[in-house]
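Q: Take this structure first; my questions come after.
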Amino acid sequence: MKVSIVLPTKDEQNSIEKVVRDCLSLGFEKEIIVVDDSADRTPEIAEKLGCKVIRGVKGYGRAFLEGFRHSSGDIIVMLDADGSYDALEIPRLIEPIVKGEADLVIGSRFKGKIMPKAMPWHHRYVGNPVLTKLTNLLFKTKLSDVHSGMRALRKDALAKIDPVCPGMEFATELVLKAAIKGLRIVEVPITYHPRIGFSKLRSFRDGWRHLRLVLAASPIYLFLLPSIILILLGIATALFVIVLQPIRTHTLIFGSTLLLLGIQTFFFGVSGKIYLRQIGFGVRDWLTEAFGKYSTMEKLLFFGLALLILGTYSGYRVFASWVERGFGSLAEFNQALVSLILIVSGFQIAISSIFLSMFLLKEEKDNNK
């Protein structure tokens, strides 16, 4: 099997020679692809050592995407070029793939050894563990180091994953899509060394990007479950006031707010699931199947319009009663609130049905290919 080793570089002139020479010393067929965005001599050093160099590519994920396009190996190895990962451990990294036991292999620093001063304490004890545990919880994985910069994957597995993220969240995208598509993910212990040169990581920004992607790829937990809770609480609160305690108008306002927020959040969740399925972050399930039909969109549209008309009629009756009283105090305040709920929720449902139907255009295009 031929191995393509992809190295993203940005001002790595102090480490690139050692990393490349270690890669060259490995006893298997290989190519080394350096994807560079440096202002120093990094690309010149790499070229002299026989690497294929691609210049002027900005962004961590974009660098790997460009490197993948130029790779010809059966196995692709991803490796940071700052000396923090030992290239001599690549044979151990690719072994599960060679044996047919894995599609994606992650070099785990937490199962291996982290050398002194190699990782800041907030990365070692807060950032990496928290994001890894969240990924395991939401995507049913059992990993110890989802942000490792040393990985290997089969070329055909890469085609199934089809990564697109251009930034640091690219590392998370690979893991999430591999888990969603049921690919075999294996970890092997590696040693993590202090990097040579300055760090390009920006802890808060990069950590937030990883967290944002994990949450965005989990619309059930981020949107749908909270929306159901909000809707049920809103309906229960409104009914409690209307049926049992009409005098508690302020409680009815609170219940109305919960209900309307819940409806909007629900449609955010449905939109998210359909979109994620289209870009490879999701799979077909009963929810996307149900909301992935024009017939469902039409029923939602008519239901929303019916609520809108009912709310408008109810509101008209309140307004007419108010006029008859000479624009004095409004006695039907609760009815006015119910009218408002019907109008706003009907409008939300009708507009959301039209918005969701836009996603079906992409489905039709894909089906006609």
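Q: What residue among Leu138, Leu49, Leu287 shows peak mean-square fluctuation when the chain is described by a Gaussian network model with Cα springs under 10 Å?
A: Leu287
Q: Counting only DSSP beta bridges with both residues in the chain, tell me the antiparallel percent, nearest 5.
A: The antiparallel proportion sits near 30 percent.
Q: I've got another one for you. Give the distance, in whole Å, between the Cα centre of segment 88-150 and the Cα centre of segment 1-70.
A: With segment 88-150 and segment 1-70 each reduced to a Cα centre, they are spaced 22 Å.
Q: Where in the chain are the helices, taken as whole DSSP H runs, whose Cα atoms extend 18 angstrom or more along the long axis and whose Kyte-Doolittle mean reaches at least 0.0? Before the final figure, lay out the partial values.
A: Numbers: long enough: 203-216 (19 Å, -0.15); 225-239 (21 Å, 2.47); 249-278 (44 Å, 0.86); 294-324 (45 Å, 0.79); 333-367 (51 Å, 0.96).
Span-like helices, by this rule, are 225-239, 249-278, 294-324, 333-367.
Q: Each residue of segment 40-57 in order: what ³J(HN,Hα) in whole Hz does its phi give by Karplus 6.51 cos²θ - 1.76 cosθ + 1.60, θ = phi - 60°, with x for Gly and Pro?
A: Those phi angles translate into 10, 8, 3, x, 5, 4, 5, 5, 4, 8, x, 7, 7, 10, 10, 9, x, 10 Hz.
Q: From the C-alpha coordinates alone, can you work out the Kirkwood hydrodynamic radius of segment 3-216, in Å?
A: Evaluated over segment 3-216, this radius sits at 17.1 Å.
Q: For the chain, what size does the Cα cloud have along each of its three principal axes, sorted from largest down, in whole Å?
A: In descending order, the Cα extents are 92, 49, 38 Å.
Q: What ranking do Leu305, Leu158 get, fewest neighbouring Cβ atoms within 10 angstrom at the top?
A: Leu305, Leu158
Q: Would you check segment 219-367 for Lys pairs whose C-alpha atoms are within less than 18 Å, ignoring same-chain pairs closer than 8 in sequence, and give me the count?
A: Count of close lysine pairs: 4.
Q: Based on Cβ point charges of +1 for Lys and Arg and -1 for Asp and Glu, what charge dipole magnitude is obtained for the chain about its Cα centre, in debye rounded to the nearest 20?
A: Numbers: 46 positive and 35 negative charges, 80 e Å.
That gives a dipole near 380 debye.
Readers should treat all values here as calculations from the given coordinates under stated rules, not as data from a laboratory. A quick note: this is a predicted structure, and the numbers were derived from the prediction, not measured. Because the Cβ atoms are built from the backbone with ideal geometry, glycine has one as well, and the counts that use them run over all protein chains shown.
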